[in-house]
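Structure first, then comments.
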Amino acid sequence: MQYNTAQPHLIISEYGRHVQDMALHLLTIKDRRERSKATEAVIQTMTQVHPYSKDSEELRRKLWDHLHLITGFKLEVDSPYEKPAPEAFEVKPERLKYPKTNIRHKHYGKIVDELIKKASVMEDNRERDVLIESIAQLMKKGFMTWNKCTVDDNTIMKDLKEISKGNLILKDPSCLSHVHVQLTPVPINKPQNFQRNKFGNNNNNNNNNKGGQNRNRKKNKNKNRNGGF
């Protein structure tokens, strides 16, 4: 019996040991025509790892690249694609640059922050007032959604003024009274021994009734033994 720890290292583990053995066997086939024909069979076997993308041109290109990688770039066959260079697999991808934004009130989100900046540079008119009301309503929804609790309207007005550095002031606070968020109630766990049967009575009452019946039976049995006394 041969253990996996004693076998060669798997180059690409997702294809498994059998596919790697088949790929390495291609290097032992001397006839180029037979080797190319066997290579197509190996490629078809490798497509079973990706059953939903068999007809994808991008997938077939990736399978051929993986086959060359498994064989150590020693496979010489009639391939529909150019043989990749070993250096192409040694290049590390560039590090992703994540945006660095400093949001003091994270529960309001970046969209609210961008809307406040846009409203701050607008002219003082009715359109600006409507936008300020929409921003305040959005802030209240965000606060209640993430904190799972209600919030005083004065808190929203205070945060709006603070974030906008005093440029935005909500003129009509009554617009916040129409904002409602369905807060998920905390489920109450009932005791496990409290279960109703099909007759609508709970098990505790049934147990008490059974206990009383048993006591009456014992009392009657004792009376019979003592002659009715």
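I'm trying to understand the selection: among the residues of the range 41-56, which are closer than 28 Å to THR28 by Cα and either loosely packed, with under 13 Cβ neighbours inside 10 Å or touching an Asp or Glu at 6+ places or on another chain (Cβ under 7 Å) (or both)? So that I can check it myself, show each step before the final result.
Taking the range 41-56 and keeping what is closer than 28 Å to THR28 by Cα, we get 41-50, 54.
Across the range 41-56, the qualifying residues are ALA41, GLN44, GLN48, VAL49, LYS54.
Can you name the number of the only condition in (1) over 23 Å from THR28 (Cβ atoms); (2) assigned by TED's automatic domain parsing to the domain that holds ARG17 that ASP113 fails?
ASP113 satisfies all of (1) over 23 Å from THR28 (Cβ atoms); (2) assigned by TED's automatic domain parsing to the domain that holds ARG17 except (2).
Got a number for residues in the range 19-60 being out of contact with any helix residue (DSSP H, G or I) (no Cβ under 8 Å at 6 or more places or on another chain) and more than 17 Å from LEU75 (Cβ to Cβ)?
Selection size over the range 19-60: 7.
Having 1 or more residues that are more than 37 Å from the chain's Cα centre (by Cα) and among the charged types (D, E, K, R) is the bar; report the helices (runs of 4 or more DSSP H) wholly within the range 1-106 that clear it. Steps first, please.
Details: elements: 16-26, 32-46, 57-70.
Per the criteria, 32-46.
Considering only the range 76-96, I want to know if a residue exists there that is free of Cβ contacts under 8 Å to residues at least 60 places away in the same chain, in the same structural domain as SER36 (by TED's automatic domain parsing), of a type in the set (Asp, Glu) and surrounded by 12 or more Cβ atoms within 10 Å (Cβ to Cβ).
Checked against the condition, which is being free of Cβ contacts under 8 Å to residues at least 60 places away in the same chain, in the same structural domain as SER36 (by TED's automatic domain parsing), of a type in the set (Asp, Glu) and surrounded by 12 or more Cβ atoms within 10 Å (Cβ to Cβ), the range 76-96 yields at least one hit.
Please count how many residues of the range 50-92 are hydroxyl-bearing (Ser, Thr, Tyr) and in contact with a Ser or Thr (Cβ under 9 Å, 6 or more places away or on another chain).
So the answer is 2.
Of everything in the range 97-118, what is among the β-branched types (Val, Ile, Thr) and surrounded by 10 or more Cβ atoms within 10 Å (Cβ to Cβ)? Give them in sequence order.
Looking only at the range 97-118, we keep the residues that are among the β-branched types (Val, Ile, Thr), and these are 101, 103, 111-112, 116.
Residues satisfying the conditions are ILE103, ILE111, VAL112, ILE116.
Residue by residue, here is whether (1) surrounded by 12 or more Cβ atoms within 10 Å (Cβ to Cβ); (2) outside any loop (DSSP other than H, G, I, E, B); (3) on the phi < 0 side of the Ramachandran plot; (4) at pLDDT 60 or above holds:
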{"residue": "CYS149", "(1), (2), (3), (4)": "no, no, yes, yes"}
{"residue": "THR155", "(1), (2), (3), (4)": "yes, yes, yes, yes"}
{"residue": "LEU168", "(1), (2), (3), (4)": "yes, no, yes, yes"}
{"residue": "LYS171", "(1), (2), (3), (4)": "no, no, yes, yes"}
{"residue": "CYS175", "(1), (2), (3), (4)": "yes, yes, yes, yes"}
{"residue": "HIS180", "(1), (2), (3), (4)": "no, no, yes, yes"}
{"residue": "VAL186", "(1), (2), (3), (4)": "no, no, yes, no"}
{"residue": "GLN192", "(1), (2), (3), (4)": "no, no, yes, no"}
{"residue": "GLY200", "(1), (2), (3), (4)": "no, no, no, no"}
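Residue pairs, Cβ under 7 Å, 6 or more apart or interchain, first in the range 1-30 and within 20 Å of THR47 (Cα to Cα), second part of a loop (DSSP other than H, G, I, E, B) and among the hydrophobic types (A, V, I, L, M, F, W, C). List them.
Sorted first by the residue in the range 1-30, then by its partner, the pairs are ARG17/LEU10; GLN20/LEU10; GLN20/ILE11; LEU26/LEU75.
Please identify the pairs in which a residue from the range 119-145 that is assigned by TED's automatic domain parsing to the domain that holds LEU170 and surrounded by 14 or more Cβ atoms within 10 Å (Cβ to Cβ) has its Cβ atom under 9 Å from the Cβ atom of a residue that is of a type in the set (Asp, Glu) and in a helix (DSSP H, G or I), counting only partners at least 6 apart or on another chain.
Short answer, once both residue conditions are applied: ALA136/ASP153; MET139/ASP159; LYS140/ASP153; PHE143/ASP159.
The values are calculated or read from the model by the stated rules, or taken from the named source; none is laboratory data. Since this is a predicted model, take the numbers as computed values, not measurements. Note that each Cβ is placed from the backbone with ideal geometry, even for glycine, and that neighbours are counted across all protein chains shown.
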